[in-house]
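*Asks:* This structure is in structure tokens; I'll ask about it shortly.
The values are calculated or read from the model by the stated rules, or taken from the named source; none is laboratory data. The structure displayed is predicted, hence computed values, not measured ones. Methodologically, a virtual Cβ is constructed for each residue, glycine included, from the backbone with ideal geometry; neighbour enumeration extends over all protein chains shown.
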Amino acid sequence: MLLTLPCICDIYEHMLKKIDKHMRAEQFRKRMLQAMQSTGLNQSALARAIGTDRSTLSQILTDAGTRLPGAHIVGQCASVLGVSADWLLGLSDRPETATQLLSASLSLSQAPRALVDEQIFAWHREAAGYKIRHVPAGLPDMLKTDAVLEWEYGPHLGKTIQQAVNASRDRLDWMRGARSDYEIAMPLFEIKSFAIGKGYYEGLGAATRRAQIEQIISLTRQLYPRLRVSLFDARKLYSAPVTIFGPLLAVIYTGGHYMSFRDIERIEIFTNDFDTLVREATVTARDLPDHLEELAELIR
């Protein structure tokens, strides 16, 4: 009897499924033995820990067939061995549990009032060669004059104010010499409030504000396009203070801590959010110096 083409296809598909089940079962056994070796558990100890008898576990580990144990047994083994059930079943290449993965991808570290800690600089060095995107909490520290840094951080840092000044200079020098491009997005009202000395900047002298505006004009012209600063309308868009170090890391500044993310999905989300700020900016990086010159006329 001749087999028709559909019959041949059905047989082939059945064979592929059988091979796939066999491979998955074999991989499950290999990963179980690998995890047991890593944790130092033998069959007897693992059997007691998951509440089954040793013969049942031995059959699971030695059976050359395509059958996999039930979900309850798989879950118990994964829990005791400290790995994910998805990894045991070949559904993931990462043996870590969801909690372990989250812990590795999200971390908190203390943040000083001024950016004088080595952690920030370490992140910059790690991302050398990648574009660094930044939404500052106020004016970008690395663009501030010494006088503005002293006014802003002096009351909080006391004798360590020189550290804040030095850290700011280090960031600027690093940006000049590094292979990274820096893109900064700021709320439109922030720079205007600074220029007219209102809100947070009330009490800051006119001469200091004027010198600061002139320094930002000079730096953004001198370093463009390696340094690009744009202004967005905070009535339409919002962003928390965040720095995105290429595809490696995204860091949110909460005030007392840095919340850092290393998983690709979240970094892509933060990157897309930042790119929206730039794409819809009211004042583009190219137009910023002219805009600042207009604001300088408001300084009294």
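*Asks:* Scanning the range 27-59 for residues that are within 13 Å of residue 89 (Cβ to Cβ) and touching a residue at least 12 places away in the same chain (Cβ under 8 Å), which turns out surrounded by the fewest Cβ atoms within 10 Å (Cβ to Cβ)?
*Replies:* It comes out as 27.
*Asks:* Can you name the residue in the range 130-161 that is at pLDDT 90 or above and of a type in the set (A, V, I, L, M, F, W, C) and is also surrounded by the fewest Cβ atoms within 10 Å (Cβ to Cβ) among such residues?
*Replies:* 137
*Asks:* Would you check if residue 224 is out of contact with any strand residue (DSSP E or B) (no Cβ under 7 Å at 6 or more places or on another chain), crowded, with 16+ Cβ neighbours inside 10 Å and assigned by TED's automatic domain parsing to the domain that holds residue 277?
*Replies:* No: the conditions fail for residue 224.
*Asks:* Within the range 177-215, restricting attention to residues that are surrounded by fewer than 20 Cβ atoms within 10 Å (Cβ to Cβ) and among the acidic types (Asp, Glu), which residue is farthest from residue 293 (Cα to Cα)?
*Replies:* 181
*Asks:* To continue, here is another question. Taking the range 102-127 as the region of interest, how many residues are exposed (fewer than 15 other Cβ atoms within 10 Å of the Cβ), modelled with pLDDT under 75 and assigned to a helix (DSSP H, G or I)?
*Replies:* 4
*Asks:* Okay, moving on. So if I check each of 275, 263, 290, which one is under 30 Å from residue 203 (Cβ atoms) and surrounded by fewer than 16 Cβ atoms within 10 Å (Cβ to Cβ)?
*Replies:* 290
*Asks:* Of all residues in the range 162-219, which are under 21 Å from residue 245 (Cβ atoms) and hydroxyl-bearing (Ser, Thr, Tyr)?
*Replies:* Within the range 162-219, 168, 180, 182 meet the criteria.
Results for (1) free of Cβ contacts under 8 Å to residues at least 60 places away in the same chain; (2) part of a helix (DSSP H, G or I); (3) over 21 Å from residue 131 (Cα atoms), shown as yes or no for each residue.
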position	(1), (2), (3)
230	yes, no, no
251	no, no, no
273	yes, yes, no
277	no, yes, no
290	yes, yes, yes
295	no, yes, yes
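*Asks:* Follow-up. Go through the range 61-74 residue by residue and tally those that are farther than 17 Å from residue 86 by Cα and not in a helix (DSSP H, G or I).
*Replies:* Total satisfying the criteria: 4.
*Asks:* If only one of 300, 286, 279, 262 is within 9 Å of the chain's Cα centre (by Cα) and of a type in the set (D, E, K, R), which one is it?
*Replies:* 262
*Asks:* Follow-up. Restricting to the range 39-60, count the residues that are part of a helix (DSSP H, G or I), in contact with a helix residue (DSSP H, G or I) (Cβ under 8 Å, 6 or more places away or on another chain) and either modelled with pLDDT under 85 or not basic (Lys, Arg) (or both).
*Replies:* The number of residues fulfilling the criteria is 11.
*Asks:* Report, by residue number, each residue of the range 253-271 that is farther than 21 Å from residue 138 by Cβ and part of a loop (DSSP other than H, G, I, E, B).
*Replies:* Those that are farther than 21 Å from residue 138 by Cβ and part of a loop (DSSP other than H, G, I, E, B): 262, 263.
*Asks:* For the structure I just gave you, tell me whether residue 270 is under 19 Å from residue 229 (Cβ atoms), in the same structural domain as residue 183 (by TED's automatic domain parsing), surrounded by 17 or more Cβ atoms within 10 Å (Cβ to Cβ) and under 11 Å from the mean Cα position of the chain (by Cα).
*Replies:* yes
*Asks:* Conditions: (1) assigned to a loop (DSSP other than H, G, I, E, B); (2) at negative phi. Residue 172 meets all but one. Number of the miss?
*Replies:* Failing condition for residue 172: (1).
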